[in-house]
Amino acid sequence: MEPKAHQNQLATIHNTKKKKLFEMPHIYVILFVFIAIAAALTYVVPAGQYERVPGPGGRTTIDPNSYQVIESTPVSAVDFMLAIPKGLMDAGTVVFFTFMIGGMFMVLRRTGIIEIGVDKLTRRFANNTIIIIPVLMTTFAVIATLIGTQELALVYVPVILPLMIALRFDSITAAGVALCATTAGFTTGILNPINTGLGQQLSDLPVYSGMLLRTVAFILILLVGIFYVTRYALKVRNNPELSLMGDDVKEQQKRERYLHSANEKTLAATKRQQWASLATFAFFILLVWGVMTRGWFMMEMAGLFIVMGIVVGLIAGLKTEDISEGFNEGFRDVLVGAMICGIARAVAVVLEDGQIMDTLVYALGNLVGEFPAMFSAIGMFFAQLGFNFVIPSGSGQALVTMPIMAPLSDLVGVTRQTAVLAFQLGDGIGNILYPTSGYFMATLALAGVTWNKWVKFFLPLFTIWILIAMGFLIFAQMTQWVG
């Protein structure tokens, strides 16, 4: 018996070591490798640049016929050393926003109004828990496809996370609801000014033309996303051991906190908590108004969240010391996510310092031109999907790539409307996979989900969405779609 027990023990140790060999490196390591590769490319890829010219809405875009090779300026050891600090400075808005929203929601938690709200919603949906996922995802997707704010996922996740846990789902479900829904809406962009509107302006197309096909794409991509997230959520609820967050200590703490409160007697709000809840609702109405009518973005929202945390905390009866410590605790919870936003930005910093960003755009344009006519639209899609890694901003990618892709489409037999659709699909889908996407990594941090675990969850859906995108582009190419 002893030799057999000894063999089993050795087998267990061997299997443990084998598993560790295949563990994904820490996200910091992955990003550092990307930065190093980008730096090495500046020594191999010729430097080049396009002339910058005024574009739609006062934005700066490029002259597609102005590319020229310039003197090589590979990044030095000092430049490489400064890449991450520069990235943090360039991504300062996202970093600051991440800290502020994390701090504000921790203050709200200290007031008790989040637990009370979760308790009421949990009891409301106790007999029909699964309805909440399609309702939330449809709402988030419609907002994103109309106003083009994928970044609102940062706001949604802290709000719905306690509810998802209380309904016996997990943190990945909460992240999936927010990220997959906003991405489905943003990517197809029925009235999205950031990718559809700007892309069509740069391509000399009527703004928001081609709405019918984009609406069909929106419905299909969203329905697949809802089915995928719901299926995972049901598996987790029926068997918590199937959760990808099962070995996460903080996840267990969340479950203990919110499931315990859901099993207790109904929570009743005090007068001060009722007023604090009304104030919170008023602040969110103000947020929506600002985003939709005043063009508020991360900086304005961050400022609003600071005021919101202070005002709601005081109304609920918190002392100034409690509010301050609430912000500090929230800052600590999202520290890693905020840092990742800046570190990821360093990849683009290196490519820009080495002046090879424009060269990569030029090369991608030439590569697409070599595709057979039937597959040119798909080539454009994958070119945009690849370029999205270094420029995850929708408007930024449009301003850099569409002045090249639009005239190129005329030469390769693709309609400009199809070229814009290829840009939208390639830009949007990658935004919640690549670690260089700042808002995405910040959202994962707020949800308490590591990038490695998210990739395990999202990769199958990412593949399905790519196949759907290719199907729409083949249809557009075959019908010579003009909208």
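What does the net charge come to around M301 if you take all other residues with beta carbon closer than 12 Å to its beta carbon, with K and R at +1 and D and E at -1? So the surrounding residues net to -1. Over all directions, the projected convex hull of the C-alpha atoms in segment 124-283 averages 11.4 nm² in area. Extents of the chain, largest first, come to 70, 68, 47 Å (Cα atoms, principal axes, whole angstrom).
Span-like helix check, the chain: qualifying full DSSP H segments, with Cα axial length of 18 Å or more and mean Kyte-Doolittle of 1.0 or more, are 27-44, 92-111, 132-147, 153-166, 171-188, 211-238, 298-315, 335-353, 357-369, 451-478. Between I130 and V288, the simple label model (points 7 Å from Cα in the Cβ direction) yields a spacing of 2.8 nm. The alpha carbons of segment 417-483 stretch over 45, 21, 14 Å along the principal axes, in descending order. Reducing segment 407-447 and segment 155-223 to their Cα centroids gives an inter-centroid distance of 12 Å. Think of each Lys and Arg Cβ as +1 and each Asp and Glu Cβ as -1; about the Cα centre, that makes the dipole of segment 75-478 roughly 1420 debye. Each Cα pair under 8 Å and six or more residues apart adds its sequence gap; the mean of these over the residue count of the chain is a relative contact order of 27 percent. For segment 334-437, the share of alpha carbon pairs falling in successive 10 Å distance bins from zero is 16, 46, 27, 9, 2 percent. In this structure, the residue pairs whose Cα-Cα separation is over 19 Å, taken from K86/K453; K271/K319; K120/K271, are K86/K453. Enumerate the residues in segment 111-137 having an amide nitrogen under 17 Å from the point lying 7 Å beyond the Cα of Q274 toward its Cβ. Of the residues in segment 111-137, 112-114, 116-117, 120 have backbone N under 17 Å from the label point off Q274.
Length available on full extension from T215 to M374: 0.36 nm per residue minus the Cα-Cα distance, which gives 54.9 nm. Seen from a random direction on average, the alpha-carbon convex hull of segment 379-459 projects onto 5.3 square nanometres. Shown here is the pair-distance distribution of segment 278-393: with all Cα-Cα distances grouped in 5 Å bins from zero up to the longest one, the shares run 2, 9, 12, 12, 12, 12, 10, 9, 8, 6, 4, 3, 1, 0 percent. The loop-placed trypsin sites (Lys or Arg not before Pro) in segment 280-377, going by DSSP, that have at most 11 neighbouring Cβ atoms within 10 Å of their Cβ come out as R294, K319.
Bear in mind that the values in this text are calculations on the coordinates, not laboratory data. Remember, predicted model here, so these are calculated numbers, not experimental data. Positions of Cβ are backbone-derived with ideal geometry, glycine not excepted, and every protein chain shown enters the neighbour counts.
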